[in-house]
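Down below is the structure, laid out as structure tokens.
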Amino acid sequence: MSAPSRQIIAIDPARLARGEWCHRAETQLGEGDVPASYSADRIGMGQPIRKPFRWQGGLWVCVSICRDGSEAYRLLHLQAFDGPPTSYGEKCRDGDAARADLNGFYHGMRVRHAGAEMVLCGPPVILVPGEVEQMGLF
């Protein structure tokens, strides 16, 4: 199997901003909604994911942040997923096969959000800084 091809999409750079840690507020000030949803650490530990971001009519979760962009998967209710869901541990048992999955490593992975069991659906997208979005007047 060949490595999955990732769709690269440009979005408003403010959505990808990493922000700066504020010790008083114990939060990232100026952080965009994409990196704020980063949950790979929580998925691997079996913890609920962070708040997903809204994009293209759905909920998405960031699983990788790098200088050039962020990788994200769509978040679906378990009943809406077409295929067998799996856990992080189950997927890691055969790491080579999991990393060669044409829909991406996290495809089909069960996660918890807002008390519900959900699933990540690939293939993932790579979100990169694009043009600043202009707000409409009406």
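The values are calculated or read from the model by the stated rules, or taken from the named source; none is laboratory data. As the structure is a computational prediction, the values presented were derived from the model and not from experiment. Cβ coordinates were reconstructed from backbone atoms using ideal geometry, including for glycine residues, and neighbour counts include every protein chain displayed. We work out accessible area using only protein heavy atoms, side chains counted, and drop any ligands, DNA or RNA first. Shrake-Rupley method; radii C 1.70, N 1.55, O 1.52, S 1.80 Å.
When ARG110, ARG67, ARG74 are checked against the criterion of being out of contact with any strand residue (DSSP E or B) (no Cβ under 8 Å at 6 or more places or on another chain) and of a type in the set (D, E, K, R), ARG67 stands alone in meeting it.
Inspection of the range 90-104 finds a residue satisfying the criterion of being crowded, with 22+ Cβ neighbours inside 10 Å and touching a residue at least 40 places away in the same chain (Cβ under 8 Å). Within the range 61-79, the set of residues being open to solvent by 70 Å² or more (accessible area, probe 1.4 Å) and within 13 Å of LEU120 (Cβ to Cβ) comprises ARG74, HIS77.
It is to be established whether one or more residues within the range 20-27 are surrounded by 15 or more Cβ atoms within 10 Å (Cβ to Cβ), on the phi < 0 side of the Ramachandran plot, modelled with pLDDT under 95 and in contact with a strand residue (DSSP E or B) (Cβ under 8 Å, 6 or more places away or on another chain). I'd like the intermediate steps shown before the answer.
Just the residues of the range 20-27 that are surrounded by 15 or more Cβ atoms within 10 Å (Cβ to Cβ), to begin with: none.
No: zero hits.
The set of residues in the range 39-57 being under 20 Å from GLY130 (Cα atoms) and either touching a residue at least 24 places away in the same chain (Cβ under 8 Å) or not charged (D, E, K, R) (or both) consists of PHE53, TRP55, GLN56, GLY57.
Count of the range 117-130 residues, restricted to those that are open to solvent by 30 Å² or more (accessible area, probe 1.4 Å) and more than 23 Å from ILE11 (Cβ to Cβ), is 1.
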